[in-house]
Amino acid sequence: MSISHASDIFPEDTILRPLSASRMRIETLAVRAGHAVDPSTGAVTPPIHLSTTFEREPDGSYRQGHIYARTSNPGRQSLEAALAALEGGVAAIAFASGMAATHAVFQALTPGDHVLLPEDAYYSTLRLAREVFGPWGLECDACDMSDLAAVKRLLRPTTKVVWVETPSNPLLRVVDIAELAALAHAVGARCVVDNTWSTPLLQRPFSHGADLVMHSTTKYLGGHSDLIGGALVARVEDDFVARLRVLQGLGGAIPSPFDCWLLMRGIRSLPWRMRGHCENAFAVARFLAAHPAIEAVHYPGLPSHPGHDIAARQMNDFGGMLSIQLRGGEQAALDLTSRLELFTRATSLGGPESLIEHRASVEGPTTISPRNLLRVSVGLENADDLIEDLDRSLR
Ligand SMILES: *Cc1c(COP(=O)(O)O)cnc(C)c1O
């Protein structure tokens, strides 16, 4: 798959149906959806409404339906419209963090319900399921979801959510969303996809049968490492979505007006930033794959990656995340992180700056990350500078 031409990266099927009947492509939606000139001032860039409360008309109604900002406010409403349009869903709910969004999904279930998660799901997702919702009464199992027989064995009549995350952390495992959604539906469960790493640009879970999409908007959607946020996007409006809204309205895990504004701003450049992340990650992955100090490069764009075929079919491009294993073991991995100049030693991903992280020491004793593994979020610097930095630092 060539990544040098926009038409290859973003084929026709990324044309979306926005909320209106007209067809707009995703770059246009990113810039336009949820944006309108402010009718009271003519401001082209949206204002930030800090008001917590809204005036009631003499007849008891509210001018734009907003009553109190825990339940809704204008900036969050615009953001939710943009998120729904980008993902091709009917509705979105913006949360204070990705974990708050995930929390709401688990909390919308009933004690005794069963949830199936990938064993390599985002680490805090697994911890939330086990440490918080286990004692609350949720039954949880985790398995390697590329093993569909294992998934089938673990599904039960009480399974209500099959949680999917692809590509996964830290080995960039790729799983088939359509297969997992079909298995989930066969037992009456919902398929929820954490689409944080791929973004709506690279992967369209609803077109593969998913019911709900979760995002940590902290990452690529925000895109500048300066806000924490999350979202759920729904394919159809149903009782479960209504329940999620109740949980958010009563629990109050809402993003601030300023974070909503920053996120709207970040989304506008998302399509063009993703092109850069993908192009740079591919170049870095190719360089590393040929380097003698590297034992393995995990990047779904490389034909040698076990998930490459599914990724090539399921994704529009292969993303900005990769991980590497060093021949010299854990110490060589740690040494590399201190020699590099352009890769900051920090967790998280999706910002303009490249980040590198030793996952095993972040995740602690229960980690399944190999000790010699480093995870890289490839940023928007010039790829040649990144490669020169790696070349200089690898021994
Ligand atoms: C960061 C992340 C989350 C959690 O989101 P927060 O915004 O940090 O709460 C969940 N899933 C994935 C894949 C992530 O990268």
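Counting only residues that are in contact (Cβ under 8 Å) with a residue 60 or more places away in the chain and at negative phi, segment 301-339 holds 20 of them. The single residue among V233, V241 that is within 16 Å of the ligand (Cβ to nearest atom) and either surrounded by 20 or more Cβ atoms within 10 Å (Cβ to Cβ) or closer than 16 Å to G89 by Cα (or both) turns out to be V233.
Of everything in segment 62-78, what is in a loop (DSSP other than H, G, I, E, B) and touching a helix residue (DSSP H, G or I) at 6+ places or on another chain (Cβ under 8 Å)? Give them in sequence order. Residues satisfying the conditions are Q64, H66, A69, R70, T71, N73.
The residues of segment 43-82 that are surrounded by 11 or more Cβ atoms within 10 Å (Cβ to Cβ), of a type in the set (A, V, I, L, M, F, W, C) and within 18 Å of G266 (Cα to Cα), listed by number, are I48, L79, A81, A82. Checking each residue in segment 152-199 for being surrounded by 23 or more Cβ atoms within 10 Å (Cβ to Cβ) and in a helix (DSSP H, G or I) picks out I177, L180, A181, A184, T199. Only one of the numbered conditions (1) in contact (Cβ under 8 Å) with a residue 24 or more places away in the chain; (2) surrounded by fewer than 24 Cβ atoms within 10 Å (Cβ to Cβ); (3) over 25 Å from T158 (Cβ atoms); (4) touching a Leu at 6+ places or on another chain (Cβ under 9 Å) is violated by R286, and that is (1). On inspection, L202 passes the criterion of being modelled with pLDDT of 95 or more, crowded, with 24+ Cβ neighbours inside 10 Å, more than 13 Å from the ligand (Cβ to nearest atom) and in the same structural domain as I26 (by TED's automatic domain parsing). Within this structure, M214 fails the test of being assigned to a loop (DSSP other than H, G, I, E, B) and crowded, with 23+ Cβ neighbours inside 10 Å. Of the residues D120, D141, the single one that is in contact with an Asp or Glu (Cβ under 8 Å, 6 or more places away or on another chain), outside any helix (DSSP H, G or I) and not hydrophobic (A, V, I, L, M, F, W, C) is D120.
The requirement of being touching a Pro at 6+ places or on another chain (Cβ under 8 Å), within 16 Å of the ligand (Cβ to nearest atom) and not in a loop (DSSP other than H, G, I, E, B) is fulfilled nowhere in segment 96-103; no residue meets it.
Which of the residues spanning segment 249-263 are part of a helix (DSSP H, G or I) and surrounded by fewer than 23 Cβ atoms within 10 Å (Cβ to Cβ)? If the condition is that a residue be part of a helix (DSSP H, G or I) and surrounded by fewer than 23 Cβ atoms within 10 Å (Cβ to Cβ), then G249, L250, G251, P257, F258, W261, L262 are the ones that fit. The single condition from (1) of a type outside the set (K, R); (2) surrounded by fewer than 24 Cβ atoms within 10 Å (Cβ to Cβ); (3) closer than 29 Å to G223 by Cβ that G320 fails is (2). Could you tell me whether segment 149-160 includes any residue that is farther than 21 Å from N195 by Cα, in contact with a Phe, Trp or Tyr (Cβ under 6 Å, 6 or more places away or on another chain) and away from the ligand (no atom under 13 Å from the Cβ)? Among the residues of segment 149-160, not one is farther than 21 Å from N195 by Cα, in contact with a Phe, Trp or Tyr (Cβ under 6 Å, 6 or more places away or on another chain) and away from the ligand (no atom under 13 Å from the Cβ), which makes the answer no. A single entry from V37, V31 fulfils the requirement of being within 17 Å of G75 (Cα to Cα) and touching a Lys or Arg at 6+ places or on another chain (Cβ under 6 Å): V31. Does segment 177-187 include one or more residues that are within 15 Å of the ligand (Cβ to nearest atom), of a type in the set (D, E, K, R) and free of Cβ contacts under 8 Å to residues at least 60 places away in the same chain? Checked segment 177-187: no residue is within 15 Å of the ligand (Cβ to nearest atom), of a type in the set (D, E, K, R) and free of Cβ contacts under 8 Å to residues at least 60 places away in the same chain. Looking only at residues in segment 355-381 that are within 16 Å of the ligand (Cβ to nearest atom) and over 18 Å from A121 (Cα atoms), which one is surrounded by the most Cβ atoms within 10 Å (Cβ to Cβ)? Looking at the filtered set, the residue picked out is V378.
The values are calculated or read from the model by the stated rules, or taken from the named source; none is laboratory data. Predicted, not measured: the structure shown is a model, and the values here were computed from it. With ideal geometry, Cβ positions are generated from the backbone for all residues, glycine too; neighbour counts draw on all protein chains shown.
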